[in-house]
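Novice: The structure under discussion is supplied below as structure tokens; questions concerning it will follow.
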Amino acid sequence: TNIGLCHLENLKSRDGILKAKTESFEHLNKGGIAVLNGDDDKLSGISSVNGTTPVFYGIGKEKKEGCATEKDVYATDIQSMGLSGTKVTIHMGEESFEAVIPIPGEHNVYNALAAACVGRRLGLTNAEIKAGIESAGTISGRTNMLHVKDMLVIDDCYNANPISMKASLDVLSHADGRKIAVLGDMGELGTNEKELHYGVGEYLATKNIDVLFTAGTLAEEIARGVQENGGTCEVHTFAEREEMTEKLVAFVKAGDTVLVKASHFMQFPKVVEALTRE
């Protein structure tokens, strides 16, 4: 749904990622349709997929800077409801309807818009599309909200890249109570991996987040990015996940919201398991 910064180790650049992701276009059946993010500067430049004009979606009717296409489906009147989700108005041609996306984060507005495009293509009514969006849920490792021990644990540890890490920090910033980010190394980022981790720390420094726990050598760059850019949150760094988990479990308390996120190889589901164990 977007051309981000994952898999840079092998694909080298966003153009390389674009080339790999759009290989699937060669296999689109006659009469099929490509649904693309019109706010992504790389995807919005695609005018035809196997002879068919794509359907584009995005936030706001106007073109985003660097983007080349009009959007067929778009959202306006976006209103954050904190960790309860986002209220939006979805426009499809001359029609529009309000919907509450029950999963927080702007990236989930994009996911809902993509789903709306597909629903319309399959002949669903606006009421059916709205009902589908409003009943959406999460799965383990994907912004999964776990209410345990009078805390909220945001299990988002299936995988991570710089863009998804920043999106998760946006979600955490809307929480009530003490906000704790538990972050680990991100993989497959190539030669700029340290700079990309540092950039996450720079971003975190601008958010209203109280505490940062990190595990892993690369994640130390996240901590450094916070400390060198005016971040006010309390920082705890650890070389290994096991030691960090032990200290974290002793540190958290009722009322906390804890985000857990890292690349898959860091095995952060074990951190979630430790936090939620009765």
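The values are calculated or read from the model by the stated rules, or taken from the named source; none is laboratory data. Everything numeric here is computed off the predicted structure, so don't read it as measured data. Cβ: placed from backbone, ideal geometry, glycine included. Neighbour counts: every protein chain shown. Calculation scope for accessible area: heavy atoms of the full protein, side chains included, ligands and nucleic acids excluded. Shrake-Rupley method; radii C 1.70, N 1.55, O 1.52, S 1.80 Å.
Novice: Which of the peptides 235-244, 263-272 is most tightly packed, and how do the rest follow, judged by the mean count of other Cβ atoms within 10 Å per residue?
Specialist: Values: 235-244: 16.1, 263-272: 19.4.
Per-residue Cβ counts within 10 Å, averaged per peptide and sorted highest first, yield 263-272, 235-244.
Novice: Quote the FRET efficiency, to the nearest 0.05, computed for T52 versus S96 with a Förster distance R0 of 22 Å and r equal to the Cβ-Cβ distance.
Specialist: It comes to 0.30.
Novice: From the helices alone, meaning DSSP H stretches of at least four residues, give me the mean residue ellipticity at 222 nm for the chain, per-run term -39500 (n - 2.57), in deg cm²/dmol to the nearest 500. Working shown, then result.
Specialist: On the way: 9 runs with 90 residues, N = 278.
My calculation for the chain gives -9500 deg cm²/dmol from helical runs alone.
Novice: Give me the percent of the accessible area of the stretch 31-130 that comes from carbon and sulfur atoms, probe 1.4 Å, all protein chains in place.
Specialist: Solvent-exposed carbon and sulfur of the stretch 31-130 make up 49 percent of the total.
Novice: Given Cα pairs under 8 Å that are at least 6 residues apart, what percent is the relative contact order of the stretch 176-235?
Specialist: 42 percent
Novice: Here is a follow-up. Expected output is a single nm value to one decimal: the length gained when fully extending between F265 and A131, i.e. 0.36 nm times separation in residues minus the C-alpha distance. What is it?
Specialist: 44.6 nm
Novice: While we're looking at this one, here's another question. Want the number for T232 to L124: 0.36 nm per residue separation, take away the alpha-carbon distance, what's left?
Specialist: Contour length minus Cα-Cα distance gives 34.1 nm.
Novice: Round to the nearest 0.05 the FRET efficiency obtained for T276 and N192 when R0 = 51 Å and r is the Cβ-Cβ distance. Write out the running numbers ahead of the final one.
Specialist: On the way: r = 35 Å, r/R0 = 0.68.
Efficiency for this residue pair is about 0.90.
Novice: If you don't mind, another one. Could you give the nm distance between label points at A250 and T1, where each point is 7 Å from its Cα heading toward the beta carbon?
Specialist: Taking the two extended label points, one gets 4.0 nm.
Novice: Further, regarding this structure: I'd like to verify something in the chain: which complete DSSP H helices, judged by Cα projection on the helix axis, reach 18 Å or more and average at least -0.5 on the Kyte-Doolittle scale?
Specialist: 106-121
Novice: Please list Y110, Y57 in order of solvent-accessible area, largest first, computed with a 1.4 Å probe with all protein chains present.
Specialist: Y110, Y57
Novice: What relative contact order, as a whole-number percentage, does the chain give when Cα pairs under 8 Å and 6 or more residues apart are counted?
Specialist: 16 percent
Novice: Sorted by packing (mean other beta-carbon atoms within 10 Å per residue), highest first, where do 63-72, 213-222 land?
Specialist: Highest to lowest by the protection proxy: 213-222, 63-72.
Novice: Determine the distance separating the Cα centre of the stretch 210-262 from the Cα centre of the stretch 16-72; give it in Å without decimals.
Specialist: The two parts, judged by their Cα centres, are 38 Å apart.
Novice: How much length is gained if the chain between E243 and S24 is pulled fully straight, taking 0.36 nm per residue apart and subtracting their Cα-Cα distance, in nm to one decimal?
Specialist: Gain on stretching E243 to S24: 74.6 nm.
Novice: Now a separate question. Could you order the peptides 161-170, 140-149 from most to least packed, using the average number of other C-beta atoms within 10 Å per residue?
Specialist: Peptide ranking by packing, descending: 161-170, 140-149.
Novice: For A262, enumerate residues with amide H under 5 Å from its amide H, sequence gap 5+ or separate chain, H modeled in the peptide plane.
Specialist: N159, G184
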